1. Which condition number in (1) in contact (Cβ under 8 Å) with a residue 40 or more places away in the chain; (2) more than 10 Å from the ligand (Cβ to nearest atom); (3) over 10 Å from the mean Cα position of the chain (by Cα) is the one that residue 313 fails?
2. Could you check the stretch 173-185 and list, in sequence order, the residues that are touching a helix residue (DSSP H, G or I) at 6+ places or on another chain (Cβ under 6 Å) and over 13 Å from residue 8 (Cβ atoms)?
3. Tell me, yes or no, whether the stretch 38-54 has at least one residue that is within 13 Å of the ligand (Cβ to nearest atom), free of Cβ contacts under 8 Å to residues at least 60 places away in the same chain and within 24 Å of residue 312 (Cβ to Cβ).
4. Evaluate the stretch 121-142: report whether one residue or more is in a strand (DSSP E or B) and either within 15 Å of the ligand (Cβ to nearest atom) or surrounded by fewer than 24 Cβ atoms within 10 Å (Cβ to Cβ) (or both).
5. So residue 114 ticks every box in (1) on the phi < 0 side of the Ramachandran plot; (2) within 16 Å of the chain's Cα centre (by Cα) but one. Which box is left unticked?
6. So which residues in the stretch 189-202 are under 22 Å from the mean Cα position of the chain (by Cα), more than 13 Å from the ligand (Cβ to nearest atom) and outside any helix (DSSP H, G or I), if there are any at all?
Ligand code: UT7
């Protein structure tokens, strides 16, 4: 029996022009290229210019995704933007994106799940498309984490970068079989007991300031692999697929050691893992769509491929999505 599936029609991304290398950072804080590469795999990150906002990056990424999908922006009736660094406390950055694209119909809203923002946004969008409430969506992850970093704290400022990525998703009738295209399953989790391990020490209600990112890196690391593999096993259980069926693993790009350990634990071959953390650093909600776009543009991810996404971040929040591209 046929069923509605959320099929990815195209993707795009945007990065600020300014690149900050590890060597340049080492001139500003007490760190070394060697330490950063060894502990994280990061070699450089992009940093937004003065006046370059999360919405600017999101609009650029959305336009690239619409062009890649050959879709007219006027046919979009839903925009879900994953971000923890909105332009302003409100309105949602998604409505700035909506206006920037000249769209006046449908709904646009932000979703805040920190580094899991894109997987959360994709999952919520999938639900809304499959109920028939909306027909064509833009799902975006966009961040300017450089604005919430404490540039004197070497334990955090070396890890993050700015950027945006977007996908166009459409509700389509599929045969209702294992070979269906589209989002096959998503799994979202959170556990607020861990909220003080990765947080921002400010906000409109608590301090009336924006605040800076604080992280107990070792504690986050300790939980990451178990949480990631757990939620991916949920995706395998729900679909009947196994690690050997996966064509591409596109994880959240926080730390190459976490990615490698997770892939190893799951039995996913290293050559199937898409890595961009070396070039982008951790761009939070933007990291997965940035990596997806890189692998689509260079010809790795092709129509019909089975693509596995996962993310884990502040909250803690974590989640997975399994997609037939
Ligand atoms: O996207 C959201 C999820 N976030 C993450 O997944 C991040 C998870 N955590 C991590 O990726 C890692 O824990 C870090 C990369 C943040 C840190 O790596 P680590 O291997 O856990 O190092 P550590 O925190 O245990 O620190 C080791 C040493 C410490 O010195 P002592 O106490 O051993 O003397 C740190 O002070 O490295 C020192 N250190 C640095 N040294 C040079 C910490 N940051 C730096 C630095 N440069 N930037």
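Where a number appears in this text, it was derived from the coordinates with a stated rule and is not lab data. None of these values were measured; they are calculated from a predicted model. FYI the Cβ positions are ideal-geometry reconstructions off the backbone, even for glycines, and counts take in every protein chain you see.
1. (2)
2. Correct list: 185 only.
3. Yes, the stretch 38-54 has at least one match.
4. yes
5. (1)
6. The answer is 189, 190, 191.
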